[in-house]
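What follows is a single structure, written as C-alpha coordinates, with notes after it.
The values are calculated or read from the model by the stated rules, or taken from the named source; none is laboratory data. None of these values were measured; they are calculated from a predicted model. As a convention, Cβ positions derive from the backbone with ideal geometry for all residues, glycine included, and neighbour counts pool all protein chains shown. Calculation scope for accessible area: heavy atoms of the full protein, side chains included, ligands and nucleic acids excluded. Shrake-Rupley method; radii C 1.70, N 1.55, O 1.52, S 1.80 Å.
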Protein chains: 2
Amino acid sequence: MNRQDQKGGSVPLELENFLPYRLNVLAETVSQSLARFYESRFGIAIPEWRVVATLGQYARMTAKDIGAHSRMHKTKVSRAVASLENKNLVKRQPNIEDMRESFLELTSKGKKVYAELTPDALAFSRALVASLSPEEQKSLERILERLTETSFQLADQMLQEKEKG
Amino acid sequence: MNRQDQKGGSVPLELENFLPYRLNVLAETVSQSLARFYESRFGIAIPEWRVVATLGQYARMTAKDIGAHSRMHKTKVSRAVASLENKNLVKRQPNIEDMRESFLELTSKGKKVYAELTPDALAFSRALVASLSPEEQKSLERILERLTETSFQLADQMLQEKEKG
DNA sequence: TGAAGATTGTTGCAGGTGAAATCAATTGAC
DNA sequence: GTCAATTGATTTCACCTGCAACAATCTTCA
(Lines give C-alpha, C1' and ligand atoms only; values in the text may rest on other atoms or scores of the structure.)
Protein backbone atom coordinates (compact mmCIF):
# COMPACT_ATOMS: atom_id res chain seq x y z
CA MET A 1 0.00 0.00 0.00
CA ASN A 2 2.85 2.36 0.68
CA ARG A 3 4.90 1.93 -2.43
CA GLN A 4 3.33 2.84 -5.67
CA ASP A 5 3.28 0.36 -8.51
CA GLN A 6 5.95 1.31 -11.01
CA LYS A 7 4.36 -0.35 -14.01
CA GLY A 8 3.04 2.52 -16.10
CA GLY A 9 -0.06 0.83 -17.38
CA SER A 10 -1.31 -0.13 -13.97
CA VAL A 11 -1.25 3.38 -12.55
CA PRO A 12 -4.11 5.36 -14.00
CA LEU A 13 -3.46 9.05 -14.36
CA GLU A 14 -6.60 10.98 -14.95
CA LEU A 15 -5.85 14.54 -15.87
CA GLU A 16 -9.14 15.76 -14.42
CA ASN A 17 -8.11 14.44 -11.01
CA PHE A 18 -4.47 15.42 -11.22
CA LEU A 19 -3.90 18.13 -8.63
CA PRO A 20 -1.36 20.29 -10.48
CA TYR A 21 -3.66 20.36 -13.49
CA ARG A 22 -6.69 21.25 -11.41
CA LEU A 23 -4.88 24.03 -9.61
CA ASN A 24 -3.92 25.44 -12.97
CA VAL A 25 -7.41 25.32 -14.37
CA LEU A 26 -8.80 26.96 -11.26
CA ALA A 27 -6.20 29.72 -11.17
CA GLU A 28 -6.61 30.33 -14.89
CA THR A 29 -10.37 30.54 -14.64
CA VAL A 30 -10.24 32.95 -11.74
CA SER A 31 -7.51 35.04 -13.35
CA GLN A 32 -9.27 35.35 -16.65
CA SER A 33 -12.50 36.32 -14.97
CA LEU A 34 -10.78 39.07 -13.04
CA ALA A 35 -8.57 40.10 -15.93
CA ARG A 36 -11.57 40.68 -18.15
CA PHE A 37 -13.07 42.75 -15.39
CA TYR A 38 -10.01 44.95 -14.72
CA GLU A 39 -9.53 45.42 -18.42
CA SER A 40 -13.10 46.31 -19.24
CA ARG A 41 -13.43 48.73 -16.35
CA PHE A 42 -10.04 50.43 -16.18
CA GLY A 43 -7.98 49.24 -19.09
CA ILE A 44 -5.32 47.64 -16.90
CA ALA A 45 -3.90 44.14 -16.94
CA ILE A 46 -3.12 41.83 -14.04
CA PRO A 47 0.51 42.83 -13.46
CA GLU A 48 -0.60 46.46 -13.41
CA TRP A 49 -3.42 45.68 -11.03
CA ARG A 50 -0.94 43.98 -8.70
CA VAL A 51 1.26 47.06 -8.68
CA VAL A 52 -1.73 49.29 -7.98
CA ALA A 53 -2.90 47.00 -5.19
CA THR A 54 0.56 46.94 -3.63
CA LEU A 55 0.94 50.71 -3.77
CA GLY A 56 -2.61 51.13 -2.50
CA GLN A 57 -1.61 49.12 0.52
CA TYR A 58 1.88 50.49 1.16
CA ALA A 59 1.68 53.95 -0.45
CA ARG A 60 5.39 54.24 -1.23
CA MET A 61 7.70 51.51 -2.42
CA THR A 62 10.57 50.81 -4.77
CA ALA A 63 10.14 48.55 -7.80
CA LYS A 64 12.21 45.90 -6.10
CA ASP A 65 9.96 45.84 -3.07
CA ILE A 66 6.87 45.72 -5.22
CA GLY A 67 8.31 42.70 -6.96
CA ALA A 68 9.11 40.97 -3.69
CA HIS A 69 5.68 41.66 -2.29
CA SER A 70 3.68 40.67 -5.35
CA ARG A 71 6.08 37.90 -6.42
CA MET A 72 6.62 39.36 -9.83
CA HIS A 73 9.75 39.23 -11.96
CA LYS A 74 11.59 42.54 -12.02
CA THR A 75 11.02 42.96 -15.75
CA LYS A 76 7.31 42.46 -15.24
CA VAL A 77 7.26 45.10 -12.55
CA SER A 78 9.33 47.45 -14.67
CA ARG A 79 6.94 47.18 -17.60
CA ALA A 80 3.81 47.37 -15.47
CA VAL A 81 5.11 50.53 -13.79
CA ALA A 82 6.02 52.07 -17.14
CA SER A 83 2.52 51.38 -18.42
CA LEU A 84 0.94 52.83 -15.29
CA GLU A 85 3.06 55.93 -15.63
CA ASN A 86 1.80 56.39 -19.17
CA LYS A 87 -1.74 56.14 -17.87
CA ASN A 88 -0.90 58.63 -15.15
CA LEU A 89 -1.81 56.22 -12.39
CA VAL A 90 1.63 55.99 -10.81
CA LYS A 91 4.33 58.59 -10.26
CA ARG A 92 8.00 58.20 -9.58
CA GLN A 93 10.12 60.10 -7.09
CA PRO A 94 13.89 59.84 -6.94
CA ASN A 95 15.47 58.41 -3.85
CA ILE A 96 18.21 60.92 -3.11
CA GLU A 97 20.01 58.44 -0.90
CA ASP A 98 20.22 55.84 -3.66
CA MET A 99 19.81 57.05 -7.19
CA ARG A 100 19.56 53.57 -8.66
CA GLU A 101 16.03 53.22 -7.40
CA SER A 102 12.96 55.43 -7.27
CA PHE A 103 10.04 55.57 -4.90
CA LEU A 104 6.75 54.84 -6.55
CA GLU A 105 3.34 56.14 -5.49
CA LEU A 106 -0.18 56.21 -6.83
CA THR A 107 -1.22 59.51 -8.35
CA SER A 108 -4.58 60.92 -7.29
CA LYS A 109 -6.02 59.29 -10.39
CA GLY A 110 -4.33 56.06 -9.37
CA LYS A 111 -5.81 56.26 -5.90
CA LYS A 112 -9.22 56.74 -7.41
CA VAL A 113 -8.83 53.63 -9.56
CA TYR A 114 -7.65 51.71 -6.52
CA ALA A 115 -10.59 52.90 -4.45
CA GLU A 116 -13.03 51.92 -7.18
CA LEU A 117 -11.45 48.58 -7.96
CA THR A 118 -10.90 47.36 -4.42
CA PRO A 119 -14.51 46.83 -3.34
CA ASP A 120 -15.28 44.81 -6.44
CA ALA A 121 -12.12 42.77 -6.17
CA LEU A 122 -12.87 42.00 -2.55
CA ALA A 123 -16.47 41.22 -3.37
CA PHE A 124 -15.27 38.76 -5.99
CA SER A 125 -12.87 37.15 -3.55
CA ARG A 126 -15.51 37.00 -0.81
CA ALA A 127 -18.08 35.53 -3.15
CA LEU A 128 -15.63 32.79 -4.03
CA VAL A 129 -15.03 31.98 -0.39
CA ALA A 130 -18.73 32.23 0.39
CA SER A 131 -19.43 29.36 -1.97
CA LEU A 132 -17.61 27.09 0.48
CA SER A 133 -18.96 25.63 3.68
CA PRO A 134 -17.62 27.14 6.93
CA GLU A 135 -15.53 24.05 7.45
CA GLU A 136 -14.05 24.25 3.97
CA GLN A 137 -13.36 27.93 4.45
CA LYS A 138 -11.44 27.10 7.56
CA SER A 139 -9.34 24.53 5.69
CA LEU A 140 -8.68 26.76 2.72
CA GLU A 141 -6.12 28.98 4.38
CA ARG A 142 -3.95 26.13 5.56
CA ILE A 143 -4.33 24.20 2.35
CA LEU A 144 -3.01 27.07 0.27
CA GLU A 145 -0.10 27.63 2.61
CA ARG A 146 0.83 23.99 2.78
CA LEU A 147 0.60 23.25 -0.89
CA THR A 148 2.64 26.29 -1.87
CA GLU A 149 5.33 25.42 0.62
CA THR A 150 5.39 21.72 -0.23
CA SER A 151 5.63 22.25 -3.97
CA PHE A 152 8.77 24.30 -3.48
CA GLN A 153 10.35 21.48 -1.50
CA LEU A 154 9.26 18.73 -3.87
CA ALA A 155 10.64 20.45 -6.94
CA ASP A 156 14.18 20.51 -5.58
CA GLN A 157 13.88 17.04 -4.15
CA MET A 158 12.68 15.41 -7.37
CA LEU A 159 15.22 17.10 -9.54
CA GLN A 160 18.06 16.15 -7.28
CA GLU A 161 16.99 12.52 -7.05
CA LYS A 162 16.57 12.12 -10.79
CA GLU A 163 19.56 14.12 -11.95
CA LYS A 164 22.13 12.97 -9.46
CA GLY A 165 20.84 9.79 -7.91
CA MET B 1 -21.95 43.10 8.74
CA ASN B 2 -23.50 41.89 5.54
CA ARG B 3 -22.88 44.80 3.23
CA GLN B 4 -19.35 45.76 2.54
CA ASP B 5 -18.22 49.29 3.09
CA GLN B 6 -17.93 51.00 -0.27
CA LYS B 7 -15.43 53.65 0.74
CA GLY B 8 -12.16 52.61 -0.85
CA GLY B 9 -9.83 53.64 1.92
CA SER B 10 -11.69 51.78 4.60
CA VAL B 11 -11.53 48.40 2.88
CA PRO B 12 -8.06 46.98 3.18
CA LEU B 13 -6.96 44.78 0.31
CA GLU B 14 -3.91 42.78 1.16
CA LEU B 15 -2.53 41.07 -1.89
CA GLU B 16 -1.03 38.29 0.17
CA ASN B 17 -4.50 37.38 1.43
CA PHE B 18 -6.33 37.99 -1.82
CA LEU B 19 -7.60 34.61 -2.98
CA PRO B 20 -7.19 35.05 -6.75
CA TYR B 21 -3.61 36.14 -6.22
CA ARG B 22 -2.85 33.25 -3.90
CA LEU B 23 -4.35 30.72 -6.27
CA ASN B 24 -2.14 32.10 -8.98
CA VAL B 25 1.01 31.93 -6.93
CA LEU B 26 0.23 28.38 -5.90
CA ALA B 27 -0.57 27.21 -9.41
CA GLU B 28 2.50 28.93 -10.77
CA THR B 29 4.76 27.38 -8.15
CA VAL B 30 3.40 23.90 -8.75
CA SER B 31 3.50 24.32 -12.52
CA GLN B 32 7.05 25.53 -12.60
CA SER B 33 8.18 22.70 -10.37
CA LEU B 34 6.61 20.14 -12.63
CA ALA B 35 7.61 21.93 -15.82
CA ARG B 36 11.26 21.85 -14.82
CA PHE B 37 10.87 18.17 -14.12
CA TYR B 38 9.18 17.22 -17.42
CA GLU B 39 11.64 19.33 -19.31
CA SER B 40 14.75 17.98 -17.66
CA ARG B 41 13.67 14.37 -17.97
CA PHE B 42 11.93 14.20 -21.32
CA GLY B 43 12.34 17.55 -23.04
CA ILE B 44 8.62 18.23 -23.14
CA ALA B 45 6.63 21.24 -21.92
CA ILE B 46 3.36 21.33 -20.01
CA PRO B 47 0.99 21.53 -22.98
CA GLU B 48 2.78 18.55 -24.50
CA TRP B 49 2.60 16.66 -21.25
CA ARG B 50 -1.13 17.26 -21.13
CA VAL B 51 -1.55 15.85 -24.60
CA VAL B 52 0.55 12.80 -23.69
CA ALA B 53 -1.44 12.30 -20.49
CA THR B 54 -4.73 12.56 -22.35
CA LEU B 55 -3.67 10.12 -25.05
CA GLY B 56 -2.22 7.83 -22.40
CA GLN B 57 -5.64 7.71 -20.84
CA TYR B 58 -7.84 7.57 -23.93
CA ALA B 59 -5.48 6.05 -26.52
CA ARG B 60 -7.15 7.60 -29.56
CA MET B 61 -8.62 11.08 -29.85
CA THR B 62 -8.97 14.03 -32.20
CA ALA B 63 -7.28 17.35 -31.48
CA LYS B 64 -10.62 18.89 -30.66
CA ASP B 65 -11.39 16.25 -28.06
CA ILE B 66 -7.94 16.61 -26.52
CA GLY B 67 -8.57 20.32 -26.17
CA ALA B 68 -11.94 19.76 -24.56
CA HIS B 69 -10.57 17.20 -22.15
CA SER B 70 -7.44 19.10 -21.14
CA ARG B 71 -9.08 22.53 -21.36
CA MET B 72 -6.50 23.83 -23.76
CA HIS B 73 -7.00 26.34 -26.55
CA LYS B 74 -7.09 24.68 -29.95
CA THR B 75 -3.97 26.50 -31.11
CA LYS B 76 -2.14 25.27 -28.05
CA VAL B 77 -3.19 21.72 -28.81
CA SER B 78 -2.24 22.11 -32.45
CA ARG B 79 1.25 23.25 -31.58
CA ALA B 80 1.76 20.71 -28.82
CA VAL B 81 0.76 17.91 -31.18
CA ALA B 82 3.05 19.23 -33.91
CA SER B 83 5.93 19.30 -31.45
CA LEU B 84 5.17 15.78 -30.22
CA GLU B 85 5.08 14.53 -33.79
CA ASN B 86 8.52 15.96 -34.38
CA LYS B 87 9.75 14.12 -31.31
CA ASN B 88 8.09 10.96 -32.58
CA LEU B 89 5.92 10.64 -29.48
CA VAL B 90 2.58 11.01 -31.22
CA LYS B 91 1.34 9.75 -34.57
CA ARG B 92 -1.56 10.87 -36.67
CA GLN B 93 -4.05 8.72 -38.52
CA PRO B 94 -6.56 10.14 -40.97
CA ASN B 95 -10.22 9.76 -40.17
CA ILE B 96 -11.58 8.42 -43.45
CA GLU B 97 -15.08 9.41 -42.48
CA ASP B 98 -14.12 13.04 -41.89
CA MET B 99 -10.92 14.22 -43.47
CA ARG B 100 -10.84 17.52 -41.60
CA GLU B 101 -9.71 15.80 -38.45
CA SER B 102 -7.19 13.11 -37.61
CA PHE B 103 -7.03 10.56 -34.88
CA LEU B 104 -4.02 10.94 -32.64
CA GLU B 105 -2.23 8.23 -30.73
CA LEU B 106 0.95 7.77 -28.77
CA THR B 107 3.75 6.03 -30.63
CA SER B 108 5.52 3.21 -28.84
CA LYS B 109 8.12 5.76 -27.83
CA GLY B 110 5.31 8.01 -26.61
CA LYS B 111 3.83 5.19 -24.56
CA LYS B 112 7.19 4.62 -22.98
CA VAL B 113 7.49 8.27 -22.00
CA TYR B 114 3.98 8.15 -20.60
CA ALA B 115 4.73 5.02 -18.60
CA GLU B 116 7.88 6.57 -17.19
CA LEU B 117 6.41 9.93 -16.46
CA THR B 118 3.17 8.81 -14.85
CA PRO B 119 4.52 7.30 -11.63
CA ASP B 120 6.57 10.38 -10.88
CA ALA B 121 3.75 12.74 -11.72
CA LEU B 122 1.41 10.81 -9.46
CA ALA B 123 4.03 10.69 -6.73
CA PHE B 124 4.35 14.44 -6.94
CA SER B 125 0.61 14.90 -6.76
CA ARG B 126 0.28 12.45 -3.87
CA ALA B 127 3.11 14.09 -1.97
CA LEU B 128 1.34 17.40 -2.27
CA VAL B 129 -1.86 15.95 -0.91
CA ALA B 130 0.02 14.07 1.79
CA SER B 131 1.24 17.35 3.23
CA LEU B 132 -2.35 18.08 4.25
CA SER B 133 -4.18 16.72 7.25
CA PRO B 134 -6.85 14.08 6.54
CA GLU B 135 -9.52 16.65 7.18
CA GLU B 136 -7.97 19.12 4.79
CA GLN B 137 -7.60 16.42 2.19
CA LYS B 138 -11.27 15.71 2.50
CA SER B 139 -12.09 19.38 1.93
CA LEU B 140 -9.71 19.82 -0.97
CA GLU B 141 -11.80 18.02 -3.56
CA ARG B 142 -14.93 20.01 -2.89
CA ILE B 143 -13.04 23.27 -2.58
CA LEU B 144 -11.50 22.92 -6.00
CA GLU B 145 -14.80 21.99 -7.57
CA ARG B 146 -16.70 24.78 -5.93
CA LEU B 147 -14.20 27.53 -6.60
CA THR B 148 -13.81 26.59 -10.25
CA GLU B 149 -17.55 26.51 -10.75
CA THR B 150 -18.21 29.70 -8.82
CA SER B 151 -15.55 31.72 -10.60
CA PHE B 152 -17.20 30.92 -13.93
CA GLN B 153 -20.51 32.20 -12.65
CA LEU B 154 -19.08 35.30 -11.03
CA ALA B 155 -17.22 36.39 -14.12
CA ASP B 156 -20.35 36.58 -16.22
CA GLN B 157 -22.33 38.10 -13.41
CA MET B 158 -19.88 40.89 -12.68
CA LEU B 159 -19.35 41.79 -16.30
CA GLN B 160 -23.05 41.96 -16.97
CA GLU B 161 -23.73 44.10 -13.93
CA LYS B 162 -20.99 46.56 -14.69
CA GLU B 163 -21.33 46.75 -18.45
CA LYS B 164 -25.06 46.83 -18.75
CA GLY B 165 -26.44 47.74 -15.35
C1' DT C 1 41.19 56.84 -3.48
C1' DG C 2 39.70 53.74 -6.82
C1' DA C 3 38.91 49.40 -9.03
C1' DA C 4 36.19 45.14 -8.63
C1' DG C 5 31.91 43.49 -7.51
C1' DA C 6 27.08 43.94 -6.21
C1' DT C 7 22.53 45.93 -6.84
C1' DT C 8 18.52 48.39 -9.17
C1' DG C 9 16.15 48.92 -13.12
C1' DT C 10 15.64 48.80 -18.35
C1' DT C 11 15.93 46.76 -22.88
C1' DG C 12 16.95 43.31 -26.84
C1' DC C 13 15.68 39.00 -28.00
C1' DA C 14 13.61 34.54 -28.49
C1' DG C 15 9.80 31.80 -27.35
C1' DG C 16 5.00 31.03 -26.08
C1' DT C 17 0.07 32.58 -26.28
C1' DG C 18 -4.82 33.69 -27.88
C1' DA C 19 -7.74 36.30 -31.26
C1' DA C 20 -8.68 36.52 -35.80
C1' DA C 21 -7.91 35.15 -40.47
C1' DT C 22 -7.39 31.34 -43.26
C1' DC C 23 -7.55 26.67 -45.32
C1' DA C 24 -9.74 22.28 -46.08
C1' DA C 25 -13.56 19.41 -45.65
C1' DT C 26 -18.32 18.53 -44.53
C1' DT C 27 -23.20 19.61 -43.96
C1' DG C 28 -27.46 21.85 -45.03
C1' DA C 29 -30.81 24.38 -47.86
C1' DC C 30 -32.76 24.92 -51.98
C1' DG D 1 -26.31 18.94 -57.69
C1' DT D 2 -24.63 23.33 -56.06
C1' DC D 3 -23.55 27.00 -53.24
C1' DA D 4 -23.61 29.02 -48.56
C1' DA D 5 -22.77 28.07 -43.86
C1' DT D 6 -20.42 25.37 -40.54
C1' DT D 7 -16.65 22.79 -38.53
C1' DG D 8 -11.74 21.07 -37.46
C1' DA D 9 -7.25 22.48 -37.73
C1' DT D 10 -3.44 25.59 -38.90
C1' DT D 11 -1.21 29.98 -39.54
C1' DT D 12 -0.62 34.95 -38.99
C1' DC D 13 -0.15 38.60 -36.08
C1' DA D 14 0.37 41.27 -32.03
C1' DC D 15 1.32 40.90 -27.39
C1' DC D 16 3.37 39.23 -23.08
C1' DT D 17 7.07 36.90 -20.72
C1' DG D 18 11.66 35.67 -18.77
C1' DC D 19 16.58 35.39 -19.70
C1' DA D 20 20.58 37.68 -20.59
C1' DA D 21 23.00 41.71 -21.49
C1' DC D 22 23.34 46.26 -20.25
C1' DA D 23 23.63 51.01 -17.95
C1' DA D 24 23.72 53.49 -13.84
C1' DT D 25 24.73 53.65 -9.24
C1' DC D 26 26.29 52.06 -4.84
C1' DT D 27 29.58 49.24 -1.71
C1' DT D 28 33.67 47.03 -0.40
C1' DC D 29 38.10 46.71 0.65
C1' DA D 30 42.80 46.96 -0.36
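Computed with a 1.4 Å probe over protein heavy atoms only, the accessible surface of chain A comes to 55 Å² per residue.
Extent along the principal axes, Cα only, for the protein assembly as shown: 62, 47, 47 Å, with the longest axis given first. Derived scalar couplings between HN and Hα for segment B:56-63 equal x, 7, 10, 6, 8, 8, 8, 4 Hz in order, rounded to whole Hz, by the Karplus curve 6.51 cos²θ - 1.76 cosθ + 1.60 (θ = phi - 60°), x for Gly and Pro. With a/c under 1.5 counting as rounded, go ahead and sort segment B:44-120 into rounded, prolate or oblate using the C-alpha gyration tensor (a ≥ b ≥ c being the square roots of the eigenvalues; past the cut-off, prolate if a/b is larger than b/c, else oblate). Cα axes put segment B:44-120 in the prolate bin. Remark: for residue pairs A:LYS138/B:LYS76; A:LYS64/B:LYS76; A:LYS74/B:LYS74; A:LYS74/A:LYS111; A:LYS76/B:LYS76, the C-alpha separation exceeds 25 Å in A:LYS138/B:LYS76; A:LYS64/B:LYS76; A:LYS74/B:LYS74. Only protein heavy atoms count here, probed at 1.4 Å, and on that basis chains A and B bury about 7500 Å² of accessible area in total. Residues of segment A:39-78 that bury at least 50 Å² of accessible area once all protein chains are present, compared with their chain alone (1.4 Å probe, heavy atoms only, ligands and nucleic acids left out), are A:ARG50, A:GLN57.
Here the 3J(HN,Hα) profile of segment B:112-129, calculated from phi with Karplus coefficients 6.51, -1.76 and 1.60 at θ = phi - 60°, is 5, 4, 4, 5, 7, 6, 4, x, 5, 4, 5, 4, 4, 4, 5, 5, 4, 4 Hz, Gly and Pro shown as x. GNM remark for chain A: springs join alpha carbons under 10 Å apart, and the peak mean-square fluctuation among A:VAL25, A:VAL90, A:VAL113 falls on A:VAL25. Taking trypsin sites (Lys or Arg not before Pro) across segment B:117-154, none is in a DSSP loop with at most 16 further Cβ atoms lying within 10 angstrom of its Cβ. Annotation for segment B:45-101 versus segment A:77-128: alpha-carbon center distance of 42 Å.
Note on A:LEU147: accessible area is roughly 0 Å² with a 1.4 Å probe, heavy atoms of protein only.
What residues of segment A:56-77 lie in the reach of a label at A:SER108, counting those whose backbone N is under 20 Å from a point 7 Å from the Cα along Cα→Cβ? Only A:56-57, A:59-60 pass the distance filter.
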